[in-house]
Amino acid sequence: MSDATKSAELDLQAIIKKSESQTDFPQVPLDEFTPPTYEEWKQACIDLLKGAPFEKKMYTKTYEGITFEPMYFRNTTEEILPKNSFPGKGDYLRGATVNGYVNAPWGVAQACDETFPAENNELLKHEIDKGSTIYNVKVDCATRKAVDARNCDKPGKGGVSLTTLGDVETLLNGLKLDKFPLYVYAGESAVPVAGLILAAIKKNGGDVSKLRGFIGANPIGELAANGKLNQSLDKIFDEQAAFAKWAVKNAPELKTFMVRSDNFVDGGANDIQELAYTLSAAVAYLRALLDRGLTIDEAAEQIMFGLSMGANFFMQIAKLRAIRPIWAEIIKAFGGSEEVQHIHLHGRPSKFFMTAYDPYVNMLRATSQLFSGVAGGVESFENSTFDEPIRKGDEFSRRIARNMQIILRDEFGLIQPVDPAGGSWAVESLTKQIKEKVWAEFQKIEGKGGIVAALKEGYPQEQIEAIFADRIKNAASRRDRIVGVNMYANMVEERLDPRPEDFAENKKARTADIEKYLGTVDDGAVKGALGSIDANNFETVLDAATKGATISELRDALGKGASDEVKQIGVHRRSEKFEQLRETTEKFKAEKNDNVKIFLANMGPIPQHKARADFSRGFLEVGAFEVLGNNGFKTVEECAAAAKESGADAVVICSTDATYPEIVPALAPKLHEVLPNATVYLAGTAPEELKETYKQAGIDDYINIRSNCYQTLAAMQKKKGMIA
């Protein structure tokens, strides 16, 4: 136990002792207020709802099968309040450390993903200079798969391209690895990447024993995302266990597994599925390490968790608080000591909830997700850039993302409260429900033989697909509002420049760099070292890397082979269908100089039609259609004449329920007469007794809050010839 931890323990004990001795608190009179009863409050809500059902409007169902109540009370949560639980104690529900962030704020781990090692080296230094506290290296797809950049179609896609020891030396040049942690997610196996990184550090006189952070693998997550691996899980576990044993002895603060949940979340998983499947993957890693000779304490310290923060603020706080005691219980069940029962949590905003349209709204989304991560007690956080769905970040987007963390830390004072959500009746209730549901789902997975067996069966994929389908359905009907996409579309938006990388030029430049470096390498020494590689001895990998073996040569020497195959969990964003719909309109407009034109048949003065006209405009502009408005017409003849002149593809009649019985039978037939190919919509709904009347008059469909926005707009596109 460190001196700082001992000091914090003593401070905590003093606070507890002092609080126990202070039992007499002054009474605060509240005579001037009449405490309302729950029934009085409920009746006031019912009055404000003006007839809408209280149970439907005031209770919110979530994708986790948990219902948010309109109000939480102490008398119903008394038993679950953590009265005898303290941060850094027991099951770690209230946090991993006794003093929260007071002495050690969460780590600011902004990802650095420039394509070329030298450029990424400068970015890493720049991030630290501007306030980051962790070197977070994001490697490209080829590096994660241990593919030589010369044999890769898109070097630099998603991160920095690393093939040789020279690349890594350039990447790490001048970094203060004895002061700041290093984060590198390496894909299905960390061994080839780790071999190059650790060889570079040792070659340049660095002390690997001082290295902190992770060079982490997540083979089960990669299996779920890609459907297969480079080789069998057993072989990957063999080499990962050898790396872990080496790390225990030589780099005790370096972790070798990064169990990421985004492989599940990006498919649409809810928070229960995210935690249950991620925990099950971590347990599989524990078992693999134990089977290969590590102790439970050693194995537990090899694992870092990376969780995705979703859109439901309080749910995210609760899930972070819920996973800590579950993991503590798992480690305890394996026989782990109390010191290794706390979980190491890294957070980042979920890509699933980000949008490519109106991307500046992503700043607000990320702020909420960051806030929930900090309130929930993450150890470190990587805040995404607002333009992540479109391109790699630039100086502006990176600055905004980084400064969100710094502002919360330094200006908002979020390092001061310890377990800020502790005792909240709502959060404690959510935490309890999440714990119970996650544990039940975790046990179901374990009952199937673990996460790998469950993936082979297709169970997690099936469960995630069901939730994803619900999310898409609710987005289509706008029950789930996506600002800037299916609601409040910005019709004057100028799309961000995607700045596409020239992968052919990347490959040319990378090939030149690689071949220049390899010209300095002793081929004979490399071949000899590669021939001596033993997957069960990480030192042999280090030796080959030091002599100049490339990342793909290390991978080949370690072995490749057939792996089990499973159904992939797709990568999605919940806004993607609406974004595709809008892109279809924009492409058609650019190519044909035409668009779907909708005429708003606004009847009566502005106060009479404005509400429904505004709603209809917002509904239709989601598809980037041309909406033709006006200040209203006094007669149906005037309206029909204006509609004819517009040449519209569709017309929406906008007025009030009280005036529709008179307007619709007179106007709808005239609209069909002057625009025989147009679809005629009515804004709002029709009483049951008038539906047939309106249908006979020529109303083809309705636009209202219950309409399926996506289907309605797609039908308009199809009729226009935008889609087949």
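The values are calculated or read from the model by the stated rules, or taken from the named source; none is laboratory data. The structure displayed is predicted, hence computed values, not measured ones. So basically every Cβ, Gly included, is an ideal-geometry build from the backbone, and we count neighbours across all protein chains shown. Surface areas here come from the heavy atoms of the whole protein model, side chains and all, with no ligands, DNA or RNA. Shrake-Rupley method; radii C 1.70, N 1.55, O 1.52, S 1.80 Å.
If you go through the range 313-333 and keep only what is out of contact with any Lys or Arg (no Cβ under 9 Å at 6 or more places or on another chain) and either of a type outside the set (D, E, K, R) or open to solvent by less than 20 Å² (accessible area, probe 1.4 Å) (or both), you end up with 313, 314, 315, 316, 317, 319, 320, 327, 328, 330, 331, 333. Against the list (1) open to solvent by 20 Å² or more (accessible area, probe 1.4 Å); (2) in a loop (DSSP other than H, G, I, E, B); (3) of a type in the set (A, V, I, L, M), the condition residue 118 fails is (2). Among the residues making up the range 104-113, those that are open to solvent by less than 20 Å² (accessible area, probe 1.4 Å) and in a strand (DSSP E or B) are 107, 108, 112. Within the range 609-628, residues that are open to solvent by less than 40 Å² (accessible area, probe 1.4 Å) and assigned to a helix (DSSP H, G or I) sit with their Cβ atoms under 6 Å from residues that are among the small types (Gly, Ala, Ser) and modelled with pLDDT of 95 or more, at 6+ positions apart or across chains, in these pairs: 609/632; 609/655; 616/683; 621/489. Exactly one residue among 257, 305, 237, 314 is in contact (Cβ under 8 Å) with a residue 12 or more places away in the chain, among the aromatic types (Phe, Trp, Tyr) and over 30 Å from residue 177 (Cβ atoms), and that residue is 314. Within the range 50-103, track down each residue that is outside any loop (DSSP other than H, G, I, E, B) and charged (D, E, K, R). Correct list: 55, 56, 57, 61, 74, 78, 79. Residue pairs whose Cβ atoms lie under 6 Å apart, separated by 6 or more positions or on different chains, with the first residue in the range 96-110 and modelled with pLDDT under 95 and of a type in the set (Asp, Glu) and the second crowded, with 18+ Cβ neighbours inside 10 Å and part of a loop (DSSP other than H, G, I, E, B), do not occur.
In the range 528-549, is there at least one residue being among the hydrophobic types (A, V, I, L, M, F, W, C), free of Cβ contacts under 8 Å to residues at least 24 places away in the same chain and surrounded by fewer than 20 Cβ atoms within 10 Å (Cβ to Cβ)? The answer is no; no qualifying residue exists. Listed by position, the helices (runs of 4 or more DSSP H) enclosed by the range 133-224 that each have at least 1 residues that are among the hydroxyl-bearing types (Ser, Thr, Tyr) and touching a Leu at 6+ places or on another chain (Cβ under 8 Å) are 141-144.
If the condition is being among the small types (Gly, Ala, Ser) and in contact (Cβ under 8 Å) with a residue 60 or more places away in the chain, then the range 450-468 contributes 450, 454, 458. If only one of 466, 476, 504 is of a type in the set (Gly, Ala, Ser) and either over 23 Å from the mean Cα position of the chain (by Cα) or open to solvent by 80 Å² or more (accessible area, probe 1.4 Å) (or both), which one is it? That would be 504, the only listed residue that is of a type in the set (Gly, Ala, Ser) and either over 23 Å from the mean Cα position of the chain (by Cα) or open to solvent by 80 Å² or more (accessible area, probe 1.4 Å) (or both). Only one entry of 366, 356, 318 meets the criterion of being over 26 Å from residue 253 (Cβ atoms), touching a helix residue (DSSP H, G or I) at 6+ places or on another chain (Cβ under 6 Å) and outside any loop (DSSP other than H, G, I, E, B), and that entry is 318.
Number of residues in the range 121-132 that are out of contact with any strand residue (DSSP E or B) (no Cβ under 7 Å at 6 or more places or on another chain) and either under 16 Å from residue 346 (Cβ atoms) or in a strand (DSSP E or B) (or both): the value is 0.
Scanning the range 632-658 for residues being open to solvent by 30 Å² or more (accessible area, probe 1.4 Å) and of a type in the set (A, V, I, L, M, F, W, C) gives a total of 3.
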